[in-house]
Amino acid sequence: MAKANFEVPEITGVTEVPAVQPDTMAHLETFRAKPEFMEALGFPGEMPEDWKEKAIEAMGDLLKKYRSLQVFLDACVKCGACTDKCHYFLGTADPKNMPVARQDLLRKVYRRYFTLAGKFFPKLVGAVDLTEEVLHDWYNYYHQCSQCRRCSVFCPYGIDTAEISMAAREIMDRIGVGDKYSNEIIGKVFRIGNNLGLPEPALADTLEGLEEDVYDDTGVRVRYPLDEKGAEILLVTPSADFFAEPHVDGLMGYGKVFHELGVSWTLSSYASEAANFGMFIGSYENMRKVSLRIRKAALDLGVKRIVFGECGHAWRVAYAFLNTLAGPFDFLDPNYPVPQHICEFTWEAIQAGKLNLDPSANDDMVVTFHDSCNVARATRMGDKPGGQFEIPRNVIKAVCNNYVDMPHGTIKEATFCCGGGGGLLTDDLMELRVKGAKPRMDALKSVTEEYGVTHMAAICAICKSQFTKVIPYYGFDMDQIVSVHQLVSNAIILTGEGEGGEEEEESAEDAA
Amino acid sequence: MSFLTVLVAALFYLAAVIFVTGVVYRIWLYAKVPAPLRIATTPAPVTKGGVVLRMFREVAFFESLFKSNKLLWILAALFHYGLALVLFRHLRYFLDPVPMVVELAQPFGKYAAFAMILGLLGLWARRFVIDRVRYITSPSDHLMLGLLVLIGLSGALTTFVAHTDIVALKDFARGLLTFDLKPLPGDPLLVIHLTLVAVLMIVFPYSKLLHGVGVFFSPTRNMVDNPREQRHLAPWARKLEEEKS
């Protein structure tokens, strides 16, 4: 079991709602971004003298731009329906991690400066002046929200704390108070093209290595092309897929699916990142800038379709925002949705009988599926509402003989966040990440004990990175986390596999 | 015309003006602010008809609340359905002749007052008993509940205990509507009831009571899930596009 300098919650299989314990997480403050990184995103490097006025001005500006913010700040009746829904509250017992209390940190300032009641009777309605103390709370607690939207499912008015925390982060950025993790990553995307700062030669190397690995494994030359003009499909995938485990096994799987279908595809070094951290900091401009890289890559490479790899928030920006931010995509093949998810792509291929699959290749596992929060509650796959739950499960069941779901109330629209989403996947927030994973760990433990589950599959780079790091704290093993397309990769029997290499090289060339 | 009649009438006219302008202003404000990105909480309907249904389930049955917390849902339903019946019953004081449906609702509307009060007391108790709810409660939350309980109690008392002159009251109410003032019966309970209702109307547009309006504008509930098919550019976002391209 991994060592921690904080108390790791005990998992029982059932998540109990804890009694409120104020300020248990008040000490946790993520590192701030240095001035150069703030300025690179168009924000001030330092806090200005008149930061209070600037912050209120920024709030006023956002209230005029986003109906969500205006309505959500007004509509809450403090009914408490959300209070036991946040994984961070369930794992930390800190009341400021209850969605309504997290919103109230911003709402009480909104009331003071923007509502009649708050101007004249602040005490009565809980309105307060903006002070350094309030700002400190904003910084700490808006960086303890993974923007997973679980609260928004249960709110009778659909109030989404993610929208509030995005607005709060945008306000703070505009007064020079930004977090290091997200802002530096966005800077890297602008300079290099991906979150990890992998330049083109490193990507090319990695992909070549993958081709070798797959060849050694199967005797078939499966290609992992980079920057190939005229390819039919542009694959945009989280950069963690290029080297992290188990992400890279998923990337191998995507390549095998494309190979079997005989479609040409390519990655782009310019748009070598599916994730878009502009969303985490609530910055429309930065989110748009990152999105436009994908448009440019698609145009430059002359592709006909865009497919996204396994990534949660990335799929939200791709599915729900890309067309608006960087469209219209009228230069792509109109017969396919823009963009498509790799699971939609693979599921279609499976249904059409185009893949030769041997599910017994995964017989050493009993698999369960972790619905990634933003895929579950902010996107869709396929034509029907809920396709985002069915399609990944269908793919898994087509390649695995042993599948079970985790308990009702912890999956699908009620899924628990992994604990590392929303720009919190940084080591300085490890205490939060471990505690926030508790509800998911409880659910995993329950199916482990009841059904002998051995592995948990995910379709999000953050989920995979977070779980591999965090589950050892709970006595699980990091190898228990798998990519969905890793399972596909295991089960797929490539054409000509086991027959010797020669003719495979030909078909691989045809495919390209 | 007694001073009391004039005072209560004046208060009601003031309350009505504040209520209507306040609510209209809020609706205008919400309608005016753009909603730049598709943020429906999914799974969400893919057609407009589907969204209307979703909103109907939300407003009529509190669907999300039901998913969240059954006890809270029961208390909220007792209060809101009770209030709805009570309000419907009150139409008999404004309409002449009284329509058949209002007649039929009369016995239910009378006893609905108890459901309403019971629901309110339950909701209030939660604010003391459950530590999480206690934490998020501010003084105004108690005041709102107090106000509503008093309105319910004073109303129920005039119906069931200290009857007032209903015929005279109806004359007063219709007088208000036709700007032809008629004397108000001077029963203290009735005057308290009417005054509190006027206060509620005044507070409504500036308080959390506005949630009744807000829910219709909630983007996570009222958006069609169609972002791959359609672009949804807000005017300010379109400007961004024109600047840079």
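Under the shape rule built on the C-alpha gyration tensor, where the axes satisfy a ≥ b ≥ c, chain A is prolate, since a/c reaches at least 1.5 and a/b is greater than b/c.
In chain B, a dipole from Cβ-located charges (positive for Lys and Arg, negative for Asp and Glu) runs towards its positive end, and of B:Thr164, B:Ala9, B:Ser64 it is B:Ser64 whose Cα lies farthest in that direction.
Sites count as exposed loop sites when they are trypsin sites (Lys or Arg not before Pro), lie in a DSSP loop, and have at most 16 other Cβ atoms within 10 angstrom; the longest stretch of chain A without one is A:4-228.
Normalised by the residues of chain B, what does the relative contact order come to in percent, with Cα pairs under 8 Å and at least six apart? Normalised by residue count, the contact order of chain B is 37 percent. Spacing of the modelled spin labels on B:Leu87 and B:Phe3, each 7 Å from Cα toward Cβ, amounts to 3.5 nm. Rounded to 0.05, the FRET efficiency of the B:Phe94 and B:Leu209 pair, given R0 = 25 Å and the Cβ-Cβ distance, is 0.70.
Placing unit charges on the Cβ atoms of the charged side chains and taking the dipole of region A:329-413 about its Cα centre, the candidate lying farthest along the positive direction among A:Ala398, A:Gln351, A:Ile411 is A:Ile411. Only Cα pairs under 8 Å and 6+ residues apart enter the sum, and on that basis the relative contact order of chain A stands at 20 percent. Counting only cysteine Cβ atoms and a cutoff under 4.7 Å, chain A contains unmatched residues A:Cys76, A:Cys79, A:Cys86, A:Cys145, A:Cys155, A:Cys311, A:Cys343, A:Cys400. Here's the list of aspartates and glutamates a cross-link from B:Lys239 could span, going by alpha-carbon distance under 20 Å and ignoring same-chain residues fewer than 8 apart: A:Asp61, A:Glu170, A:Glu285. For region A:374-499, the gyration tensor built on C-alpha atoms gives a prolate shape. Its axis ratio a/c (a ≥ b ≥ c) is at least 1.5, and a/b is the larger of a/b and b/c.
In loop segments of region A:26-95 as defined by DSSP, the GluC sites (Glu not before Pro) with at most 10 further C-beta atoms inside 10 Å of their C-beta are A:Glu49. Inter-chain Cβ neighbour count for B:127-139, averaged per residue, equals 6 (cutoff 10 Å, partner chain atoms only).
What number, rounded to the nearest 500 deg cm²/dmol, is the helix-based mean residue ellipticity at 222 nm of chain A, given -39500 (n - 2.57) per DSSP H run of at least four residues and division by all its residues? Rounded to the nearest 500, it is -14000 deg cm²/dmol. Span-like helix criteria (full DSSP H runs; alpha carbon extent of at least 20 Å along the helix axis; mean Kyte-Doolittle hydropathy of at least 0.0) are satisfied in chain B by B:3-32, B:70-89, B:100-129, B:139-160, B:188-203. For B:Arg57 and B:Trp28, the FRET efficiency from 1/(1 + (r/R0)^6), where r spans their Cβ atoms and R0 equals 41 Å, is about 0.95. Under a straight-distance cross-link criterion of Cα-Cα below 16 Å, which lysines are reachable from A:Lys445, leaving out those fewer than 8 residues away in the same chain? Of all the lysines, those that pass the test against A:Lys445 - Cα under 16 Å, at least 8 places apart if same chain - are A:Lys435. Each residue, A:Glu245 and B:Asp131, gets one label point 7 Å from its Cα in the Cβ direction; the gap between the two is 4.2 nm.
Sort region B:169-245 into rounded, prolate or oblate with this rule: let a ≥ b ≥ c be the square roots of the eigenvalues of the Cα gyration tensor; rounded if a/c is under 1.5, and if a/c is not under 1.5, prolate when a/b is larger than b/c, oblate otherwise. Cα axes put region B:169-245 in the prolate bin. Normalised by the number of residues in region A:329-420, the mean separation of alpha-carbon contacts (under 8 Å, six or more apart) gives a relative contact order of 36 percent. Using Cβ point charges alone (K and R +1, D and E -1), the dipole size of the protein assembly as shown about the Cα centre works out to roughly 4800 debye.
Pairs from the table (A:Lys52/A:Lys188; A:Lys412/A:Lys469; A:Lys438/B:Lys70; A:Lys256/A:Lys464) lying more than 28 angstrom apart at Cα are A:Lys52/A:Lys188. Please give the FRET efficiency for A:Glu39 paired with B:His142, using the beta carbon to beta carbon distance and R0 = 41 Å, rounded to the nearest 0.05. Taking R0 as 41 Å, the efficiency between A:Glu39 and B:His142 is 0.30.
Just so you know, all these numbers are worked out from the coordinates, no wet-lab data involved. Please read all numbers here as calculations on a predicted model, not as lab measurements. Note that we place each Cβ from the backbone using ideal geometry, even for glycine, and neighbour counts take in every protein chain shown.
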